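**Q** Let me give you the structure first, and then I'll get to my questions.
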């Protein structure tokens, strides 16, 4: 198995399941409706919905960087606002994050191992290569999975 296939598998596991640590993002999101997703049970914390949109934004940014684009997210892109709080809009947000994530997994799986040490476009730090970025997106997914789990617990008690 190639290194990029291993990285793609870790990215997939963090989001979809079969992760070593426990529940993935999708597993934690199971059973959350629009009301819970939009709730702010912890003062000054983002909602589950905002975190889902944030995960999608960063998966898309990494996907674009994988294609050679230098990407920096503006504040509104980093945490897109939730404008429509309907159940249909929540389902669309879930489908959007899943679709974006699947595209990222496919892009990483097909990324050449020989390029993992290359500098990511737009990044000046010497350590910021593709391996670092692909490993980092796993950490990003899991960090926010933990936040979502706490928010879910707080909103449903």
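The values are calculated or read from the model by the stated rules, or taken from the named source; none is laboratory data. This is a predicted model, so every value here is computed, not measured. Virtual Cβ from ideal backbone geometry, glycine too; neighbours counted across all protein chains shown.
**Q** Does residue 27 satisfy being part of a loop (DSSP other than H, G, I, E, B) and more than 30 Å from residue 124 (Cα to Cα)?
**A** no
**Q** Keeping to region 101-138, report how many residues are in contact (Cβ under 8 Å) with a residue 40 or more places away in the chain and part of a helix (DSSP H, G or I).
**A** 16
**Q** Collect the residues in region 11-67 that are over 17 Å from the mean Cα position of the chain (by Cα), farther than 15 Å from residue 95 by Cα and surrounded by 16 or more Cβ atoms within 10 Å (Cβ to Cβ), keeping them in residue-number order.
**A** Within region 11-67, 36, 38, 39, 41 meet the criteria.
**Q** Something else about it: Test residue 21 against the criterion of being at pLDDT below 95 and either assigned to a helix (DSSP H, G or I) or farther than 20 Å from residue 155 by Cβ (or both), and give yes or no.
**A** yes
**Q** Criterion first (crowded, with 19+ Cβ neighbours inside 10 Å and not in a loop (DSSP other than H, G, I, E, B)) does residue 93 satisfy it?
**A** yes
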